[in-house]
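These notes are about the structure you will find just below.
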Amino acid sequence: MSMTMVTPLVLLFFSNIFMTFAWYGHLKSLKAGPLWIAIAVSWGIAFFEYVLQVPANRMGSDVYTLPQLKIMQEVITMIVFAGFTLLYMKEDLKLDYLWASLCMVGAVYFVFRS
């Protein structure tokens, strides 16, 4: 796998970390505070998501089709979200999440097969 194929994946992975914290991090650390503060903090975090996500998609579109980029994004999102749920939110993962993830692996197969 060449760097032109790997770089978009790495950027998407890190952009998803920012995205997940922007979308869900406030539920742990800012839930008791005013909504406008959670929104402002989330927007600030989301800025860094876009700083990584936009170049990832631009570079990725040179080597992947749009459906391939989207499916990779969704799988990366689920991987990052599972780690976030376990490590940051301290919630348990259920077996049904594994089955849902396997369905996404199936989606990857179908979008990448020749």
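The values are calculated or read from the model by the stated rules, or taken from the named source; none is laboratory data. Not measured: the values here are computed from a predicted model. For neighbour counting, all protein chains shown are included, and Cβ atoms are generated from backbone atoms with ideal geometry for every residue, glycine included.
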Quick check on my filter: what residues within the range 83-114 are aliphatic (A, V, I, L, M) and at pLDDT 90 or above? Leu86, Leu87, Met89
Those residues of the range 49-66 which are under 15 Å from Phe14 (Cα atoms) and of a type in the set (Asp, Glu) amount to Glu49
Consider Gly44 carefully, then state whether it is at pLDDT 95 or above and either crowded, with 18+ Cβ neighbours inside 10 Å or within 15 Å of the chain's Cα centre (by Cα) (or both). no
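Every residue, every condition in (1) part of a helix (DSSP H, G or I); (2) surrounded by 10 or more Cβ atoms within 10 Å (Cβ to Cβ); (3) among the basic types (Lys, Arg), yes or no:
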{"position": "Arg58", "(1), (2), (3)": "yes, yes, yes"}
{"position": "Glu74", "(1), (2), (3)": "yes, yes, no"}
{"position": "Ile79", "(1), (2), (3)": "yes, yes, no"}
{"position": "Ala82", "(1), (2), (3)": "yes, yes, no"}
{"position": "Asp92", "(1), (2), (3)": "no, no, no"}
{"position": "Tyr97", "(1), (2), (3)": "yes, yes, no"}
Say whether the condition of being of a type in the set (Phe, Trp, Tyr), part of a helix (DSSP H, G or I) and more than 26 Å from Trp99 (Cβ to Cβ) is met by at least one residue in the range 1-18. yes
